[in-house]
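> Sharing a structure, written as structure tokens. Questions coming.
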Amino acid sequence: MAVLHRKEEKIEVVLSKLPKEYTDQQFVEKFIQLYSKDWGKIKANYIKHSQDKEPGTIITMPKPEIYLKQVLKAYLENLKQV
């Protein structure tokens, strides 16, 4: 199940609102500002993963902020390959 639907489209919108030289933190902050409902879904999914795990197992989903940074990194890498 995808945590973030239409992520490429949303990443493009966020990037269009940022300066040419931006940091990952600025990307995360702008994403939260523009897509607060999606941010809530990402956080809820992370909480669900962390609560549903068996004691001693590792949570497979990264923390919400790290998740967004990974989504951005994958998107940018995809652009380089095209």
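> Restricting the stretch 1-28 to residues that are over 20 Å from Pro62 (Cβ atoms) and of a type in the set (Asp, Glu), which is surrounded by the fewest Cβ atoms within 10 Å (Cβ to Cβ)?
Glu21
> Tell me, which residue of the stretch 35-70 that is in a helix (DSSP H, G or I) and among the basic types (Lys, Arg) is nearest to Thr23 (Cα to Cα)?
The qualifying residue nearest to Thr23 (Cα to Cα) is Lys69.
> Can you tell me which residue in the stretch 1-14 is nearest to Val71 (Cα to Cα), limited to those that are hydrophobic (A, V, I, L, M, F, W, C) and part of a helix (DSSP H, G or I)?
It comes out as Ile11.
> Looking only at the stretch 44-69, filter to residues that are among the basic types (Lys, Arg) and loosely packed, with under 15 Cβ neighbours inside 10 Å; which one of those is modelled with the lowest pLDDT?
Lys53
> On to the next question. For the stretch 27-82, which residues satisfy the criterion of being of a type outside the set (Val, Ile, Thr) and touching a His at 6+ places or on another chain (Cβ under 7 Å)?
Met61 - this is the single residue of the stretch 27-82 that is of a type outside the set (Val, Ile, Thr) and touching a His at 6+ places or on another chain (Cβ under 7 Å).
> Would a scan of the stretch 15-28 turn up a residue that is among the hydroxyl-bearing types (Ser, Thr, Tyr), without any contact (Cβ under 8 Å) to a residue 40 or more places away in the chain and outside any helix (DSSP H, G or I)?
yes
The values are calculated or read from the model by the stated rules, or taken from the named source; none is laboratory data. This one's a predicted model, so the numbers in the text were calculated from it and none came from an experiment. Because the Cβ atoms are built from the backbone with ideal geometry, glycine has one as well, and the counts that use them run over all protein chains shown.
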